[in-house]
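The values are calculated or read from the model by the stated rules, or taken from the named source; none is laboratory data. This is a predicted model, so every value here is computed, not measured. Positions of Cβ are generated from backbone atoms using ideal geometry, with glycine treated the same way; all protein chains shown enter the neighbour counts.
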Amino acid sequence: MSIHASNAYLEGRVLAADRLELVCMLYEHALDSIGRARACLRSGDIAGRSGHITRAQAALLELQSSLDHQRGGPLSRNLLTLYEYLDAKLVEAHILQREEPLAEAARLLSSLLEGWRECCPDTGGVPETLPLAAAEPRSQEALSWAG
């Protein structure tokens, strides 16, 4: 699949997604970016590692900005703390050029993704109790796998 076709597919997927799907897509994107950063780290591709870590950080920033602290209460604040911790792990991996912080971030994100997927299986929507602010992300750039 060409990059253009891939981008068009992703754009369609984002536009058709509900809030839960968008959150899951951001987790998937962060996990994909971390996996690619790990591969770049092992192969010595510094620019690639940097770019993929930056993409993972953009997904985390988007997740942070989607939190609604009014409705989400302690859950929202705990997620913010966890997202900040994950970002610190990505920075640590980048600065120290170590794979362990990337592996830890991937494990945590995988657990979070599984939880989000299980919270509303096949409901077609997100309950009002979830700490999400917006029905769509601020930008599609955070979801862009290309570039």
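Of the residues D18, D32, which is charged (D, E, K, R), on the phi < 0 side of the Ramachandran plot and modelled with pLDDT of 90 or more?
Residue meeting the stated conditions: D32.
State the number of residues belonging to segment 64-111 that are among the acidic types (D, E), under 15 Å from A37 (Cβ atoms) and not in a helix (DSSP H, G or I).
Within segment 64-111, the first condition is being among the acidic types (D, E), and the residues that meet it are 68, 84, 87, 92, 99-100, 104.
Okay, now just the ones that are also under 15 Å from A37 (Cβ atoms), so 87, 92, 99-100, 104.
Subset that is not in a helix (DSSP H, G or I): 99.
Of the residues in that region, 1 qualify.
Could you run through segment 37-66 and say how many residues are touching a residue at least 60 places away in the same chain (Cβ under 8 Å) and hydrophobic (A, V, I, L, M, F, W, C)?
Qualifying residue count, segment 37-66: 5.
Could you tell me how many of the residues in segment 45-63 are under 14 Å from the mean Cα position of the chain (by Cα) and within 14 Å of I34 (Cα to Cα)?
Result for segment 45-63: 9.
Determine if segment 83-104 includes at least one residue that is modelled with pLDDT of 95 or more, among the hydroxyl-bearing types (S, T, Y) and either out of contact with any helix residue (DSSP H, G or I) (no Cβ under 9 Å at 6 or more places or on another chain) or under 30 Å from A47 (Cβ atoms) (or both).
Yes; the residues of segment 83-104 include at least one that is modelled with pLDDT of 95 or more, among the hydroxyl-bearing types (S, T, Y) and either out of contact with any helix residue (DSSP H, G or I) (no Cβ under 9 Å at 6 or more places or on another chain) or under 30 Å from A47 (Cβ atoms) (or both).
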